[in-house]
1. If Rh is defined by the Kirkwood formula over all Cα pairs and Rg also comes from Cα, what ratio Rg/Rh do you get for region B:63-106?
2. Amide H neighbours of A:Val160 under 5 Å, counting only residues 5+ apart in sequence or on other chains, H built in-plane at 1.01 Å?
3. For A:Pro218, what is the net charge nearby, where nearby means another residue's Cβ is under 12 Å from its Cβ and Lys, Arg count +1, Asp, Glu -1?
4. Gaussian network model of chain B, Cα springs within a sub-10 Å range: biggest mean-square fluctuation belongs to which of B:Ala127, B:Ala95, B:Ala267?
5. Going toward the positive end of the dipole of the protein assembly as shown, with +1 on Lys and Arg Cβ and -1 on Asp and Glu Cβ, which of A:Ala42, A:Pro192, A:His233 do you reach last?
6. Taking only protein heavy atoms into account and a 1.4 Å probe, give the accessible area per residue of region B:111-195 in Å².
7. By the scheme Lys and Arg +1, Asp and Glu -1, what is the net charge of all other residues having a beta-carbon under 14 Å from that of A:Pro74?
8. Based on alpha-carbon positions alone, could you give the equivalent ellipsoid semi-axes of the protein assembly as shown from the gyration tensor, as √(5λ), descending, whole Å?
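The values are calculated or read from the model by the stated rules, or taken from the named source; none is laboratory data. No experiment lies behind these values; they were computed from the predicted model shown. Every residue, glycine among them, receives a Cβ derived from its backbone with ideal geometry; neighbour counts consider all protein chains shown. Side chains included, ligands, DNA and RNA excluded: accessible areas come from the protein's heavy atoms. Shrake-Rupley method; radii C 1.70, N 1.55, O 1.52, S 1.80 Å.
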There are 2 protein chains.
Amino acid sequence: MTAHPRLSLNQATVKYADLLTALQITRDAGIPAIGLWREPVAEVGLRTATTMLADSGLRFSSLCRAGFFTSSDPGLLSAALDENRRAIEETATLAAAGAPGSAPVLVLVAGGLPEGDRDLPGARARAGDAVGALVDDAAAAGVVLAIEPMHPIYAADRGVVSTVAQALDLAEPFPAATVGVLLDTFHIWWDPQLDEQIERAGRAGRIAGYQVCDWITPLPDPLLGRGMMGDGHIDFPAITRAVLDAGYAGDIEVEIFNQEIWDADPAVTARRTVRAFDASVAPTVPAQQPGQMLTRSNGR
Amino acid sequence: MTAHPRLSLNQATVKYADLLTALQITRDAGIPAIGLWREPVAEVGLRTATTMLADSGLRFSSLCRAGFFTSSDPGLLSAALDENRRAIEETATLAAAGAPGSAPVLVLVAGGLPEGDRDLPGARARAGDAVGALVDDAAAAGVVLAIEPMHPIYAADRGVVSTVAQALDLAEPFPAATVGVLLDTFHIWWDPQLDEQIERAGRAGRIAGYQVCDWITPLPDPLLGRGMMGDGHIDFPAITRAVLDAGYAGDIEVEIFNQEIWDADPAVTARRTVRAFDASVAPTVPAQQPGQMLTRSNGR
């Protein structure tokens, strides 16, 4: 089986597979890249994970995830920032072990409102401050912090950064080489300003990653209701074209939270992912590897 | 029992009560106004409903709901527009029967994507066209069409208008006396642009209604997961202050879709609504009836 040369399987799509299994089924499905999660990496230890990744021959497209830095408690916030610094180091190490074209991208999910706190602008401001506190560490490690705007359904309890515009506002004070945004169709597809904000992100050189999965209805579950591309309402050609036109030249990750998909054989899911990507996304994407492409100049 | 003089009970909060019961429990709870729904009005017939409303002595604050005009099928669209025209007439009739200070406001929910259609911008454009097709009828009847932006969770299957900014963009081509927006905290609380868009709506004289209910977590159900004010994450003082500062001088409706609340005794729910409003919303709202207030001049 071969897959599109820019497809990456985000490990969350096969959540119950351990790291070695995830790497194997990805390679066996002909998928050239993988996005990893911190928990399965920690399960085997970073050193072993790095070896496994290098042996797989796969590109590394991102590490999920850090962030969760909206606490108003100084002790908790400090602990969260330390955790983020560890994640930055892991990202650098894994990206160096991946095949050429690997991307040292760390996905940041802001976190929700602190318990009993209703000050959403306050939590958002703290998220911006936290990114600022991590910029030097990320720059030193050569890692890109990718702020992920989350669907507004998660604004209270998971991610207070709700739109691409807002993520870009938070990123803007910092160098584009170090702070970007992560575009995930599930989170952003509904946004009336989507086209203009994707264009803005591209102009600023801040599209640090692009993830796809579908919005299905009726939504089976607020967290686990994401669907395989083609099973829902998202116009993948339109959004993908906008992201590519904005200059994004990296891997495209498929990241799906869905209980039914998690319960399936991960090898079957990997092959299903290849087919769904081919049908819904690939027709819009030139069949060149990230490493073979010229990226548009930033700040044009 | 007495309630805040600007509180209105939206009938959806006591969904299983028939019209007469809804009117009675609203009055018994000391609530001075009610927002009605078309279905329970149709159950008794418009003429009887009008008499019941007049006899109740309550103000009428809005009729829910019309809209659902995103179909790309000309026949279906035409039928939807006819239905909207009937709703406009009902709104005018009911508002005339309500106590002084009643508001001839018809709430419009755009509707979702047509079956199998992934063109969200197209559906949004049709919603704008449909509003345009209804403006003359509404103006002739003295009715205000209130476009309700819906939480992005509903963009696929219920309401393609997702933000206050977008609702205002759709309203802007038409006279502010006839086309406004309906602000519902559940739908808009997460919006990073909320303050500026509420201010924009106020400046344009387009805040046609204000509804409150809370966002609770974990979200028990995408549709029926709305909570009583105070039970969730929404900062009612902040949003209510913004809406009032923007010049809104009408009734404030409590509209809650929640199975547990629906299953309760409606009289109990009405009294609970009064207490929750007193605790979470009323402290921000001057205790004057809509009719006694001076509205800010529009277009300032």
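1. Values: Rg = 12.7 Å, Rh = 11.3 Å.
That ratio is 1.12, to two decimals.
2. Amide H to amide H, under 5 Å and 5 or more residues apart or across chains, A:Val160 pairs with A:Ala110, A:Gly111.
3. For residues surrounding A:Pro218, the net value is -2.
4. B:Ala267
5. It is A:Pro192, whose Cα lies furthest towards the positive end.
6. Working: 2440 Å² over 85 residues.
With the other protein chains kept in place, region B:111-195 gives 29 Å² per residue.
7. -2
8. Working: eigenvalues 446, 121, 90 Å².
Working from the Cα gyration tensor, I get semi-axes of 47, 25, 21 Å.
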